[in-house]
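A.B. asks: My questions will all concern the structure given below.
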Amino acid sequence: MTPDQYCQDRAAKSGSSFYYSFLFLPPEQRQAITALYAFCREVDDVVDECDDSNVARIKLEWWRSEVNALFAGNPSHPVTQALSTSIKVFNLPQEHFIEIIDGMAMDLDQFSYQNFKELSLYCYRVASVVGLMAAEIFGYQDRMTLKYAHNLGMAFQLTNILRDVAEDAQRGRIYIPADEMERFGVSVDDILDQKMSPAVVELMKFQAQRAHSFYDKAFSQLPATDRYSQKSGIIMAAIYQATLKEIEADGYHVLDRRISLTPLRKLWLAWKTARAEKRRWRQWKKAAA
């Protein structure tokens, strides 16, 4: 199995919304974003699948050294080998890879967040940084697109947090800010006991509204000149926003069940969005001519 095949296998088996957005990219960009996604999956799995936190720390330290090896020109892991060309072609900074690892390491030390400011740092490291690198791979002309990528990453992570509240709590992590839980009258035990109540519904509704605000902010910052080149991010957003709407339609019952879209629906949304963006791009080009 080649490094690229390894990354492709990782992406395909994940069933992630990201995978469906990659299908509409040219080969070179698809290879780069798939390798980046595989890197994120590798370091995320270190934390999620390792029961011993000390072992997880050692593994994350290995990944730090492997990032150093990647930028020194001698990577050993299939993922970093697959990234070796992309980091040069698409100007992917070494510090961004380290930031992602730092974000994953936060899960070993911090099990709750006092306020949204604290949570924002975590979201930036594990999601916005990925968005910034994805923007580099997709290509842009206007640097405002980086602000779009930052806020879209935040929106994705906030959607994930809402969707995975119960699952994360069982792992001992509660990402919903403690001051907001207190404000809505929801305790840690309510979350752990999967106790749905009017207070929990209002708390989750508040989290959903914040996610929506980041989607709105992101798209308000996306320049028309870069919209088509960033279509993969727009495809991801369509899938994530559909998930968010499903959570809302289900009455925010995120404690007693996990809301997710079927692979077929994700593929349909990806195709539909890609087609709409192509049509929009042609209309924009015609108007700008």
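A.B. asks: With runs of 4+ DSSP H residues as the only contributors, calculate the mean residue ellipticity of the chain at 222 nm using -39,500 (n - 2.57) per run, divided by the residue total and rounded to the nearest 500. Write out the running numbers ahead of the final one.
C.D. replies: On the way: 17 runs with 215 residues, N = 289.
Rounded to the nearest 500, it is -23500 deg cm²/dmol.
A.B. asks: For Asp51 and Asp9, FRET efficiency with R0 = 22 Å and r from the beta-carbon atoms, rounded to 0.05?
C.D. replies: Taking R0 as 22 Å, the efficiency between Asp9 and Asp51 is 0.35.
A.B. asks: Oh, and also: Please work out which option in (1) 53, 50, 33; (2) 58, 52, 34; (3) 101, 46, 35 gives Cα extents along the principal axes in Å calculated from these coordinates, and answer with its label.
C.D. replies: (1)
A.B. asks: So, one more: Rounded to the nearest 0.05, what FRET efficiency do Ala289 and Asp142 have when you use their Cβ-Cβ distance and R0 = 25 Å?
C.D. replies: 0.85
A.B. asks: Still on this structure, please answer the following. Near Asp226, within a Cβ-to-Cβ distance under 11 Å, what is the net charge of the other residues, with Lys and Arg +1 and Asp and Glu -1?
C.D. replies: Taking every other residue near Asp226 into account, the sum is +2.
A.B. asks: Anything over 21 Å Cα to Cα? Flag those among Lys117/Lys195; Lys117/Lys205; Lys147/Lys217; Lys13/Lys88, in the order listed.
C.D. replies: In this structure, Lys117/Lys195; Lys13/Lys88 exceed 21 Å between Cα atoms.
A.B. asks: Another question about this same structure. Take the alpha carbon atoms of the range 125-174, find their center, do the same for the range 103-121, and report the distance between the two centers in whole angstrom.
C.D. replies: Comparing the Cα centres of the range 125-174 and the range 103-121, I get a distance of 14 Å.
A.B. asks: Need the full-extension length gain, Ser76 to Glu118, defined as separation in residues times 0.36 nm minus the C-alpha distance. One decimal, nm.
C.D. replies: Extra length available between Ser76 and Glu118 comes to 11.7 nm.
A.B. asks: Checking understanding here: applying a Kyte-Doolittle mean of at least -1.0 and a length along the axis of at least 15 Å (C-alpha), which whole DSSP H helices in the chain pass? Show your work: numbers first, answer last.
C.D. replies: On the way: long enough: 3-14 (17 Å, -1.67); 27-49 (31 Å, -0.39); 53-72 (28 Å, -0.08); 94-109 (23 Å, 0.07); 144-163 (29 Å, 0.23); 198-220 (33 Å, -0.19); 231-249 (27 Å, 0.49); 263-288 (37 Å, -1.33).
Helices passing the filter in the chain: 27-49, 53-72, 94-109, 144-163, 198-220, 231-249.
A.B. asks: Once you list every other residue whose beta carbon is under 13 Å from the beta carbon of Gln8, what net charge do they have if Lys and Arg are +1 and Asp and Glu are -1?
C.D. replies: Result for the local shell: +2.
A.B. asks: Rounded to the nearest 0.05, what FRET efficiency do Gln94 and Glu167 give with R0 = 35 Å and r taken as the Cβ-Cβ distance? Could you check?
C.D. replies: It comes to 0.65.
A.B. asks: Given Cα positions, please report Rg to Rh for the range 111-278, the hydrodynamic radius being the Kirkwood one.
C.D. replies: Numbers: Rg = 16.5 Å, Rh = 16.6 Å.
That ratio is 0.99, to two decimals.
A.B. asks: While we're here: Using the Cβ atoms and a cut-off under 10 Å, what net charge is assigned to the surroundings of Ala242, where Lys and Arg are +1 and Asp and Glu are -1?
C.D. replies: Net of charged neighbours comes to +2.
A.B. asks: Considering only Phe24, Gly103, His150, whose Cα is most displaced toward the positive end of the charge dipole of the chain, charges sitting on Cβ of Lys, Arg (+1) and Asp, Glu (-1)?
C.D. replies: Phe24
A.B. asks: Give the distance, in whole Å, between the Cα centre of the range 212-289 and the Cα centre of the range 73-102.
C.D. replies: 27 Å
Bear in mind these aren't lab numbers, they're just calculated from the coordinates by the rules spelled out. Just so we're clear, the structure is a prediction, and the values are computed from it rather than from any experiment. Cβ sites come from the backbone with ideal geometry, for glycine too, and all protein chains shown count toward neighbours.
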